[in-house]
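Q: Take this structure first; my questions come after.
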Amino acid sequence: LDSFQTEMLALLPRLRRMARVLAWEPADADDLTQLTVERALLRRDQWRPGTRLDSWMFRIMRNAWIDEARARQRHGRVLAPPEAGALAADPSAPSLEARLEASAVERALAALPEDQRIAVALVLIEGLSYQEAADSLEVPIGTLTSRLARGRATLQTALIDQGAQP
Amino acid sequence: MTVPDEEVFAFVDGELPAEDMARIEAALATDPQLALRVETQRALRRLLSGAHAGVMRETPPEP
């Protein structure tokens, strides 16, 4: 493995997490991850060394997801809405409380419009800067921060204001 | 001090210029309302950091 491949493999857990944010169903998410890795390998000469590989791959994943959604629509397949089963508590999580909490967060995230959900995931889950996230989405930074603000407002209402947190 | 929501978000996300980061950091001690808004956003970030965490612990399938 060369350094590009090594760095890409190290990103796999995060790519799979982002794929879950986009695709929900574990099998669909792994297909999306696979497609992203294949495309990244094909286009590796387009990646500029010294820039972040994660932002670059998230951009490839998002575009792959858009292509996939279009292909499904052409074939008359309806994109699966988040199913209770797919959003059920993570069985490998350490405690019941953590499992219930993760489930509530994932449900709230699932309910966001896709644009807001991706903006929230890139910045608040993946830790990209505003500029990096805007570049990944190929939108101006003001568009990114506006999607982020709307997503945050909805999540705050769902997860914090209605909870009885101190 | 009136701080717009977007500035609170940018503060929590570490996206403000250094002087603005310092200004808000200093204001937290004397402005409980602002401190609550900042803490709410920090709580949201902590909650989200656990989203889909299970997939991070799995061994990925061979690519």
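Q: Quick one: what pairs do we get from the stretch A:49-76, first residue basic (Lys, Arg), second in a helix (DSSP H, G or I) and open to solvent by 30 Å² or more (accessible area, probe 1.4 Å), C-beta under 7 Å, 6+ apart or different chains?
A: Listed by first residue and then by second, the contacts come to A:52/A:132.
Q: Considering only the stretch B:49-56, I want to know if a residue exists there that is more than 7 Å from every other protein chain (Cβ to nearest Cβ) and either without any contact (Cβ under 8 Å) to a residue 40 or more places away in the chain or surrounded by fewer than 18 Cβ atoms within 10 Å (Cβ to Cβ) (or both).
A: no
Q: When you scan the stretch A:26-34, do you find a residue that is over 19 Å from residue B:52 (Cα atoms) and either among the charged types (D, E, K, R) or open to solvent by 40 Å² or more (accessible area, probe 1.4 Å) (or both), even just one?
A: no
Q: Pairs only if they're at least six apart or on different chains, beta carbon under 9 angstrom, first in the stretch A:1-25 and within 11 Å of chain B (Cβ to nearest Cβ) and touching a residue at least 60 places away in the same chain (Cβ under 8 Å), second open to solvent by 10 Å² or more (accessible area, probe 1.4 Å) and basic (Lys, Arg); list them, first residue then second.
A: That search, which allows pairs on different chains as well, returns A:18/A:62; A:21/A:117; A:22/A:62; A:22/A:117.
Q: Here's another thing I want to ask about it. Given chain B, what helices (runs of 4 or more DSSP H) lie entirely inside it while holding 1 or more residues that are within 30 Å of residue A:26 (Cβ to Cβ) and not charged (D, E, K, R)?
A: In chain B, the matching helices (runs of 4 or more DSSP H) lie at B:32-49, B:53-57.
Q: Consider the stretch A:15-25. How many of its residues are surrounded by fewer than 20 Cβ atoms within 10 Å (Cβ to Cβ) and part of a helix (DSSP H, G or I)?
A: Selection size over the stretch A:15-25: 0.
The values are calculated or read from the model by the stated rules, or taken from the named source; none is laboratory data. Since the structure is predicted, the reported quantities are computational estimates derived from the model, not experimental observations. Note: ideal-geometry Cβ built from the backbone for every residue, glycine included; neighbour counts use all protein chains shown. Side chains included, ligands, DNA and RNA excluded: accessible areas come from the protein's heavy atoms. Shrake-Rupley method; radii C 1.70, N 1.55, O 1.52, S 1.80 Å.
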